[in-house]
1. If I compute solvent accessible area with a 1.4 Å probe over the protein chains, what percent of it on the chain is carbon and sulfur?
2. Determine the dipole magnitude for the chain: charges of +1 sit on the beta-carbon of Lys and Arg, -1 on that of Asp and Glu, nothing else is charged, the reference point is the Cα centre, and the result goes in debye to the nearest 20.
3. In debye to the nearest 20, how big a dipole does the stretch 1-129 give about its Cα centre with +1 on each Lys and Arg Cβ and -1 on each Asp and Glu Cβ?
4. Rolling a 1.4 angstrom probe over the protein heavy atoms, how many square angstrom per residue are accessible across the stretch 140-208?
5. Rounded to a whole number of µm²/s, how large is the Stokes-Einstein D of the stretch 122-255 at 20 °C and 1.002 mPa s, given Rh as the Kirkwood radius over C-alpha pairs?
6. Considering only protein heavy atoms, with the full assembly of protein chains and a 1.4 angstrom probe, order Ser103, Ser217 by accessible area, largest first.
7. Could you tell me what a quarter of the Cα convex hull surface of the chain works out to, in nm² with one decimal place?
8. In Å², and per residue, what accessible area does the stretch 1-80 have when probed at 1.4 Å with the other protein chains present?
Amino acid sequence: MSPPGTELLAVDRVSEHYNSVAAAQAGVGAPVIDYLPGRGVLVVGFLTARTYADADVAANLPRIAASLRQLHAGPPFAGRLNMFDLQRRYRALADERSMRMPSGYDLLAPVAERAEAAMTAYPEALVPCHNDLLAANFLDDGQKVRIIDYEYSGMNEPAFELGNIAQESGLSDEGLAELVTAYYAVPDDRLLARARTWRAISGYGWTLWGVIQHAISGIDADFWGWALGKYEAAATLMTDPGFAETLAAAAAPPSHERPRSE
């Protein structure tokens, strides 16, 4: 069931239901048993499977990439998740309600603006993405890696999905490179740079999810500590001297659009 306040976090229950059905049709999600519109109730079938932890994600990157390709090739999803737009929506809400913010958060806004300019220069084609793939949303049934919980699903770039997985599970640079290569089947510096950029920007945006939850949620959880962890990891990436080079590579045109040298 949907807890109160999820609309403030940009959760669209109608799209969640639609996309859960589409993910099941793609052969990746759980079967949808029932849905009660307006009541926040979505019933999905039980999957006999093992829930992943962060270490399991790092140990199963080729299998995860295979499941992602299957999901991304499936029926289109309702809605569109754009992390830059979502971050601005969250930040406006936090400002409107005078929510506590991590120290220095807004100082990174110019870096986020440069990242947005880089990522909109030559965007990837949009595909149906989960957009919130923390380790616990992967279930291993022994044959394939299944994917559950489509609250934030919508059309997005594949590179966002990959970068966000790295951010959520704390993958190393080498782990992210392995995931990107497994997904696209060939090494590609531009696509790796896009995934690296999304790793940083997704953490920057999801920080505000924790800020909002800390302010409104009645759940007994350390949302403030969670938000600080996201912010510190994102800030480390966004202030790294090499991030400008990453953005330049991410903004480059795909190889088939680059002019040939004489």
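1. Values: 6730 of 12390 Å².
Carbon-and-sulfur percentage of accessible area, whole number: 54.
2. Details: 21 positive and 33 negative charges, 77 e Å.
Taking the Cα centre of the chain as origin, the dipole is about 360 debye.
3. Details: 12 positive and 13 negative charges, 33 e Å.
The dipole magnitude comes to about 160 debye.
4. On the way: 2040 Å² over 69 residues.
Result: 30 Å² of accessible area for each residue.
5. After rounding, the answer is 136 µm²/s.
6. Working: Ser103 110, Ser217 35 Å².
If we order Ser103, Ser217 from most to least accessible, we get Ser103, Ser217.
7. Details: hull surface 58.1 nm².
Mean orientational projected area (the chain, Cα hull): 14.5 nm².
8. Details: 4140 Å² over 80 residues.
Per-residue value: 52 Å².
The values are calculated or read from the model by the stated rules, or taken from the named source; none is laboratory data. In this text the structure is predicted, and so the values were computed from the model without any measurement. As a convention, Cβ positions derive from the backbone with ideal geometry for all residues, glycine included, and neighbour counts pool all protein chains shown. For accessibility, only protein heavy atoms count, side chains too; no ligands or nucleic acids. Shrake-Rupley method; radii C 1.70, N 1.55, O 1.52, S 1.80 Å.
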